[in-house]
Protein chains: 2
Amino acid sequence: MPEATKSMTIGTLAKMADTHVETIRYYQRRGLVEVPDKPFGGIRRYDEKAVARLHFIRSAQWLGFSLEEVGELLKLEDGTHCDEARTLAEHKLGDVRSKIAGLQKMEATLDDLVGRCRCSRDPQRCPMIHSLYTDLSDAPENPDT
Amino acid sequence: MPEATKSMTIGTLAKMADTHVETIRYYQRRGLVEVPDKPFGGIRRYDEKAVARLHFIRSAQWLGFSLEEVGELLKLEDGTHCDEARTLAEHKLGDVRSKIAGLQKMEATLDDLVGRCRCSRDPQRCPMIHSLYTDLSDAPENPDT
DNA sequence: TTTGACTCCGTAGTCAGGTACGGAAGTAAG
DNA sequence: CTTACTTCCGTACCTGACTACGGAGTCAAA
């Protein structure tokens, strides 16, 4: 582990994590990112852990977790609420698995669609798209909750 | 195909699609759901196709597509822009596939977590959660766009 | 030691995706 | 024909996740 980038300012941190200062502050307000102590009347500094945390938040979000859920996932980190953590992780696992299942269904449908759609010269022959409806509408019995 | 439920009112449609009247109207405003002609001074009626469309919208949304994207997917339906449609579907497919990959990574991590987290009596022993960071933070190079 | 960029912090605005409200008009049951 | 329930349509409001703004303080290079 390189100790190179220790003590970044929030601006540098933002660049490192490919996000914006205001977004980081927003996460801090929401308790997702720690607000480091600031040296008397000085400026707060951040390290690589903050970068990693921001990456994690962005990844989890991209995968469809809300910031609230991300917060829960992040609680698993401290290792102090092991039982809770396991329960939470099990829940998330269920979540993740049904998302995967749903996406795989969509993958199959889209793949099928792309496969059939070899009708470059005859638009009339491209009606299989209708399967988008039927294939998917019976997919998730009970989306989310 | 049963022709049973022809000519539902918007309220019935909402129930059938397990959604709300106002949501349907919102989709109509966004052009995702057709507004049928109304008989002079009467009330608009909807059929099974509308139900299917609403199911589709909800499924696609649940899978992480925005209403704007859902709109694009729905354009595939008329079969008149076959090339465009295929391109669009290919894009979505790429999207879907990387989401699946990301979620599978998360699944593995969570599964591992749940497996290791057999430390009901010793919280200190639960530090593997850190893998959430490292496993995921190098996952999607370029989330969304 | 001044200047320009950056930080801090609070508050306000934005955008997506709904959700709620309210009055007028349609409709169905008794 | 009245009463109760819907529909219609417009506008306003709400939540989540940012994004922008402004004034005061900090810091580092010239």
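Annotation for segment B:8-81: GluC sites (Glu not before Pro) lying in DSSP loop with at most 16 further Cβ atoms inside 10 Å of their Cβ are B:E34. Spacing of the modelled spin labels on A:V21 and A:V35, each 7 Å from Cα toward Cβ, amounts to 1.6 nm. Distant-in-sequence amide contacts of B:M8, defined by a placed amide H-H separation under 5 Å and a gap of 5 or more residues or a different chain, comprise B:Y46, B:D47.
For segment B:53-62, 3J(HN,Hα) computed residue by residue from phi via the Karplus equation (6.51, -1.76, 1.60; θ = phi - 60°) reads 5, 5, 4, 4, 4, 5, 4, 4, 5, 4 Hz, glycine and proline entered as x.
Please list, or write none, the lysines whose alpha carbon is within less than 23 Å of the alpha carbon of B:K99, excluding same-chain residues fewer than 8 places away. Answer for B:K99, where 23 Å is the Cα cut-off: A:K92, A:K99, A:K105, B:K75, listed by chain and number.
A point 7 Å from Cα along Cα→Cβ stands in for A:R116, and the other copies hold the same point at 4.5 nm, listed in rising order. Using a 7 Å projection from Cα along Cα-to-Cβ, the label point at A:Y26 is separated from the same position in the remaining copies by 1.9 nm, smallest value first. Take A:S98, move 7 Å from Cα toward the beta carbon, and the resulting point lies 2.7 nm from the same point in each other copy, nearest first. Over segment B:1-65, the hull volume per residue, using the convex hull of the C-alpha atoms, is 92 Å³.
Values quoted throughout were computed directly from the atomic coordinates according to the rules given, and no laboratory measurement underlies them. No experiment lies behind these values; they were computed from the predicted model shown. Neighbour counts are summed over all protein chains in view; Cβ atoms, including those assigned to glycine, are modelled from backbone coordinates with ideal geometry.
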